[in-house]
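The values are calculated or read from the model by the stated rules, or taken from the named source; none is laboratory data. Note that this is a predicted model, so its numbers are computed, not measured. Cβ sites come from the backbone with ideal geometry, for glycine too, and all protein chains shown count toward neighbours.
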């Protein structure tokens with residue numbers, strides 16, 4: 001049988017388009033010819049959405065190599081570039097873009113060849129391939145030609161997944177005290193015998209023991225604020241005493257981060273503590289919010305016809321992944337970040353539990369549920385790696401009784417204020433209310449989703465408890481007054497339905513009445529002050545409708561608690577778990593509704609000095625997608641201190657920029673420590689890096705503000721001078737897109753790939769992976785890249801900011817600006833952002849680079865954001881380009897020398 005691939009391969013970049021035919025010929029072709037070839041015959045390509053975007057043909061499809069990789073090697077990492085695929089398959093990477101086209105054929109043949117072997121992920125492949133064949137997946141015929149049917153039926157998806165088991169409650173941790181010397185010895189053990197012990201890291205580990213001392217008074221945790229400069233090694237510094245305390249006290253330490261990148265890094269670091277994989281699975285658990293995990297019931301729905309077309313293919317590939325994943329984490333876990341983006345729509349979000357519709361023990365996959373498994377595993381773990389939002393939500397809402405963390409390490413602690421700001425916010429908006437309606441009533445209209453409204457989930461309880469049934473019926477009836485499908489259209493047409501839609505329509509009217517011409521195209525907002533007319537008239541009926549809903553939900557929660565206390569015969573373990581889940585859901589839903597009532601009742605009344613309230617119409621490119629009322633705490637660290645810090649026994653808050661270039665009282669204010677009855681301890685260790693010799697700040701003085709052509713030209717020249725390796729940061733998405741459109745082709749012709757957030761159809765994590773993997777690539781982005789990118793080495797040698805990152809002039813910012821001292825508040829925010837951006841540049845010993853700020857009017861008072869001793873010069877663009885070109889040459893020489901030394905050492 002002839003197994004040679006008959007299909008051509010197409011490779012497109014900003015620098016050109018190449019096609020490799022089956023006869024071995026390779027040719028550069030034009031855009032029109034490429035589209036014609038792709039339309040007439042299936043072509044092999046890599047990342048169809050990206051190639052389609054570059055061809056100007058968004059619906060391009062074909063034999064996407066990434067889809068084949070995801071089928072053959074589910075839950076395996078690969079950077080989605082020709083070089084990345086070559087590395088993953090242990091092939092020789094293509095030398096240039098022209099060679100990439102024939103390489104795609106070689107990679108495809110290699111992957112298809114794996115199917116004829118007994119490879120590790122073989123089990124379940126044949127059954128999955130049959131389903132994909134019926135869905136007319138382009139790769140299916142080629143797979144069927146090579147993959148033999150197994151001699152006997154294999155385990156598939158749900159039967160492969162292990163079941164979790166109930167465990168007895170964990171005892172209260174023993175009161176132990178970790179000696180500083182013991183923490184230092186543990187640090188040396190984790191670092192390894194040949195590692196250099198840095199004095200700053202030793203001092204840090206010793207100081208961190210403070211957070212693990214026995215608490216002396218209720219509501220007064222042992223708290224340490226620790227600022228440790230980049231390169232100190234703070235991760236191992238706090239893992240040393242944390243792991244000691246967990247072992248000796250038999251308790252869990254929750255390590256909380258702000259970014260998924262640091263969660264992954266922490267997970268890797270714990271291999272030093274628990275080198276045995278089986279032991280590590282028991283001792284270390286990564287926890288995220290429910291919306292991050294695959295819901296097996298949603299997946300089953302999708303596989304049984306809930307998805308159609310391309311989305312159905314995604315469901316099958318997700319099922320392949322689910323059978324091999326470590327923990328079911330779809331966002332930042334071992335699901336390739338590029339896989340959902342191949343299908344151009346947010347199909348993957350339909351596979352997670354985003355609406356709080358979980359039926360808990362009523363689910364046939366409950367015992368295999370990834371979320372439940374992680375939750376239970378964390379009860380017996382030593383180290384739980386979570387994120388700030390999850391720690392705050394779980395503690396504040398009491399979602400998981402008995403799991404409130406007693407010992408918490410908040411890494412990336414400079415983000416505690418922002419995390420608390422989001423967690424303790426209230427938003428009475430159309431999107432939020434329609435989600436609540438669906439949670440209670442269930443999907444309506446023509447939705448194909450399973451009816452998982454509250455009444456469906458509690459049907460058996462309602463049949464047993466008459467008062468509970470009455471409360472449930474009343475809640476469902478009251479929920480029908482909430483906004484439903486097509487609410488935005490009705491409001492836009494001036495025909496809102498029900499009191500809540502009428503209120504949102506009045507909000508929209510008030511916001512547009514106060515809008516100015518400069519707001520065109522962007523979201524609109526206005527302070528909740530001096531309101532009258534329609535919006536005041538609409539507020540009272542809306543409050544009444546919300547109260548009408550709140551009362552039966554509260555009553556239902558009480559009836560469910562009574563059912564648990566006086567358990568009927570049918571209330572077995574699974575039914576009890578389902579009722580407990582419903583009680584937990586009702587608890588935080590009723591808290592949310594109570595916050596909405598307070599917010600709506602505020603209309604026309606006096607302001608509460610503790611809160612900032614405003615009205616908003618959220619828009620993207622002028623298109624409305626939400627309307628509503630918003631409330632934030634003026635100081636969100638107050639509820640943080642009450643709900644999270646005071647119940648804890650010990651808290652360590654750490655960051656490289658914790659103080660934000662200010663004194664310790666500023667750090668105490670931003671972390672909630674100032675609201676505790678006991679003074680927090682402080683620790684400081686400066687970075688060991690020689691910033692004065694390894695870096696330089698250049699402020700370019702001849703780029704006119706608002707001149708996109710000049711801005712784009714500056715970026716192009718600087719990236720060319722650095723020969724790639726550039727992280728470009730923007731304060732506005734529109735300027736980012738405009739600059740990218742002007743320079744991407746020019747740079748590609750010079751062999752310098754350029755990627756961008758909000759432009760390339762890939763998630764941020766994948767873009768960073770590509771950037772890290774190619775020292776000639778550059779990446780443009782916004783806030784998410786300013787403080788969540790860890791790219792050590794030559795791949796990042798230049799950071800360019802388009803301007804001073806001033807705070808956006810929102811209603812919330814204006815209120816905090818007044819409370820925070822006016823200009824001093826703005827300066828504090830800007831210094832923190834500049835310090836975070838500069839922190840991307842030097843990540844390890846031997847790194848060097850330039851930081852370029854394209855803003856002539858940068859105030860000198862802000863420049864203390866950069867490390868002491870860093871040279872700062874105000875120069876013309878030509879001088880900046882010359883300085884960057886010198887950096888690139890020196891970096892290349894150092895890189896070459898390091899490679900030579902490594903080869904010599906190996907020899």
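Among residues of the stretch 113-130 being free of Cβ contacts under 8 Å to residues at least 60 places away in the same chain and assigned to a helix (DSSP H, G or I), the one that is nearest to residue 147 (Cα to Cα) is 126. For the stretch 868-886, a tally of residues being assigned to a loop (DSSP other than H, G, I, E, B) and in contact with a strand residue (DSSP E or B) (Cβ under 8 Å, 6 or more places away or on another chain) returns 3. Number of residues in the stretch 63-80 that are surrounded by 23 or more Cβ atoms within 10 Å (Cβ to Cβ) and in a loop (DSSP other than H, G, I, E, B) equals 2.
Only residues that are surrounded by 15 or more Cβ atoms within 10 Å (Cβ to Cβ) and either assigned to a helix (DSSP H, G or I) or under 35 Å from the mean Cα position of the chain (by Cα) (or both) were counted across the stretch 559-587, and they come to 16. Is there a residue in the stretch 342-351 that is closer than 21 Å to residue 264 by Cα, touching a residue at least 60 places away in the same chain (Cβ under 8 Å) and not assigned by TED's automatic domain parsing to the domain that holds residue 84? The answer is no; no qualifying residue exists.
Restricting the stretch 721-734 to residues that are touching a helix residue (DSSP H, G or I) at 6+ places or on another chain (Cβ under 7 Å) and part of a helix (DSSP H, G or I), the residue that is nearest to residue 876 (Cα to Cα) is 721.
So, residue 715, is that one at negative phi, part of a helix (DSSP H, G or I) and within 30 Å of the chain's Cα centre (by Cα) or not?
Working: at negative phi: yes; part of a helix (DSSP H, G or I): yes; within 30 Å of the chain's Cα centre (by Cα): yes.
Spelling it out, residue 715 is indeed at negative phi, part of a helix (DSSP H, G or I) and within 30 Å of the chain's Cα centre (by Cα).
Taking (1) part of a loop (DSSP other than H, G, I, E, B); (2) under 24 Å from the mean Cα position of the chain (by Cα) in turn, residue 256 satisfies each apart from (1).
Can you find a residue in the stretch 808-817 that is in contact (Cβ under 8 Å) with a residue 40 or more places away in the chain, under 25 Å from the mean Cα position of the chain (by Cα), within 21 Å of residue 853 (Cα to Cα) and buried (at least 19 other Cβ atoms within 10 Å of the Cβ)? Within the stretch 808-817 (the criterion being in contact (Cβ under 8 Å) with a residue 40 or more places away in the chain, under 25 Å from the mean Cα position of the chain (by Cα), within 21 Å of residue 853 (Cα to Cα) and buried (at least 19 other Cβ atoms within 10 Å of the Cβ)), the answer is no, since none of the residues qualifies.
For the stretch 526-533, state whether one or more residues are out of contact with any strand residue (DSSP E or B) (no Cβ under 6 Å at 6 or more places or on another chain), part of a helix (DSSP H, G or I) and surrounded by 15 or more Cβ atoms within 10 Å (Cβ to Cβ). There is no residue in the stretch 526-533 that is out of contact with any strand residue (DSSP E or B) (no Cβ under 6 Å at 6 or more places or on another chain), part of a helix (DSSP H, G or I) and surrounded by 15 or more Cβ atoms within 10 Å (Cβ to Cβ).
For the condition within 15 Å of residue 778 (Cβ to Cβ) and assigned by TED's automatic domain parsing to the domain that holds residue 850, what is the one hit in 701, 731, 726?
Sole residue among the options that is within 15 Å of residue 778 (Cβ to Cβ) and assigned by TED's automatic domain parsing to the domain that holds residue 850: 726.
Regarding residue 478, is this residue surrounded by 18 or more Cβ atoms within 10 Å (Cβ to Cβ) and more than 34 Å from the chain's Cα centre (by Cα)? Criteria met by residue 478. Given the structure, is residue 821 out of contact with any strand residue (DSSP E or B) (no Cβ under 8 Å at 6 or more places or on another chain) and free of Cβ contacts under 8 Å to residues at least 60 places away in the same chain? Yes. If you check 721, 681, 669 for being over 30 Å from residue 527 (Cα atoms), assigned by TED's automatic domain parsing to the domain that holds residue 229 and either touching a strand residue (DSSP E or B) at 6+ places or on another chain (Cβ under 7 Å) or surrounded by fewer than 23 Cβ atoms within 10 Å (Cβ to Cβ) (or both), only one passes: 681.
Could you say whether any residue in the stretch 425-435 is assigned to a loop (DSSP other than H, G, I, E, B), touching a strand residue (DSSP E or B) at 6+ places or on another chain (Cβ under 7 Å) and either surrounded by fewer than 19 Cβ atoms within 10 Å (Cβ to Cβ) or at pLDDT 95 or above (or both)?
Of all residues in the stretch 425-435, those assigned to a loop (DSSP other than H, G, I, E, B) come to 425.
Now restrict to residues that are touching a strand residue (DSSP E or B) at 6+ places or on another chain (Cβ under 7 Å): 425.
Filter once more, keeping what is either surrounded by fewer than 19 Cβ atoms within 10 Å (Cβ to Cβ) or at pLDDT 95 or above (or both): 425.
Looking through the stretch 425-435, at least one residue is assigned to a loop (DSSP other than H, G, I, E, B), touching a strand residue (DSSP E or B) at 6+ places or on another chain (Cβ under 7 Å) and either surrounded by fewer than 19 Cβ atoms within 10 Å (Cβ to Cβ) or at pLDDT 95 or above (or both).
Test residue 547 against the stated conditions and say whether it is in contact with a strand residue (DSSP E or B) (Cβ under 8 Å, 6 or more places away or on another chain), under 19 Å from residue 426 (Cα atoms), assigned by TED's automatic domain parsing to the domain that holds residue 472 and not in a loop (DSSP other than H, G, I, E, B). Considered against the rule, which asks whether it is in contact with a strand residue (DSSP E or B) (Cβ under 8 Å, 6 or more places away or on another chain), under 19 Å from residue 426 (Cα atoms), assigned by TED's automatic domain parsing to the domain that holds residue 472 and not in a loop (DSSP other than H, G, I, E, B), residue 547 comes out as no.
Screening residue 846 on (1) without any contact (Cβ under 8 Å) to a residue 60 or more places away in the chain; (2) assigned to a loop (DSSP other than H, G, I, E, B); (3) within 30 Å of residue 613 (Cα to Cα) shows it passes everything except condition (3). When the stretch 24-46 is filtered for residues that are modelled with pLDDT of 90 or more and outside any helix (DSSP H, G or I), the ones remaining, listed by number, are 25, 26, 27, 28, 29, 30, 42, 43, 44, 45, 46.
Close contacts from the stretch 273-296, counting a first residue that is free of Cβ contacts under 8 Å to residues at least 60 places away in the same chain and a second that is assigned to a helix (DSSP H, G or I), with Cβ to Cβ under 6 Å and a gap of 6+ residues or different chains, come to 274/280; 274/283. Among the residues making up the stretch 155-176, those that are modelled with pLDDT of 85 or more, assigned to a loop (DSSP other than H, G, I, E, B) and either touching a helix residue (DSSP H, G or I) at 6+ places or on another chain (Cβ under 6 Å) or surrounded by 13 or more Cβ atoms within 10 Å (Cβ to Cβ) (or both) are 161, 163, 164, 170, 173, 174, 176.
The set of residues from the stretch 766-786 being under 15 Å from residue 260 (Cα atoms), surrounded by fewer than 18 Cβ atoms within 10 Å (Cβ to Cβ) and either out of contact with any helix residue (DSSP H, G or I) (no Cβ under 7 Å at 6 or more places or on another chain) or free of Cβ contacts under 8 Å to residues at least 24 places away in the same chain (or both) comprises just one member, 783.
Just one of (1) modelled with pLDDT of 90 or more; (2) buried (at least 21 other Cβ atoms within 10 Å of the Cβ); (3) within 27 Å of residue 770 (Cα to Cα) fails for residue 858. It is (3). What is the number of the single condition among (1) closer than 21 Å to residue 717 by Cβ; (2) in contact with a helix residue (DSSP H, G or I) (Cβ under 8 Å, 6 or more places away or on another chain); (3) at pLDDT 95 or above that residue 870 does not meet? Of (1) closer than 21 Å to residue 717 by Cβ; (2) in contact with a helix residue (DSSP H, G or I) (Cβ under 8 Å, 6 or more places away or on another chain); (3) at pLDDT 95 or above, only one is false for residue 870: (1).
Count of the stretch 131-152 residues, restricted to those that are part of a loop (DSSP other than H, G, I, E, B), within 18 Å of residue 7 (Cβ to Cβ) and in contact (Cβ under 8 Å) with a residue 60 or more places away in the chain, is 5.
Scanning the stretch 267-289 for residues that are surrounded by fewer than 20 Cβ atoms within 10 Å (Cβ to Cβ) and part of a helix (DSSP H, G or I) yields a count of 9. Taking the numbered list (1) touching a helix residue (DSSP H, G or I) at 6+ places or on another chain (Cβ under 7 Å); (2) surrounded by 15 or more Cβ atoms within 10 Å (Cβ to Cβ) in turn, residue 106 passes all entries but (1).
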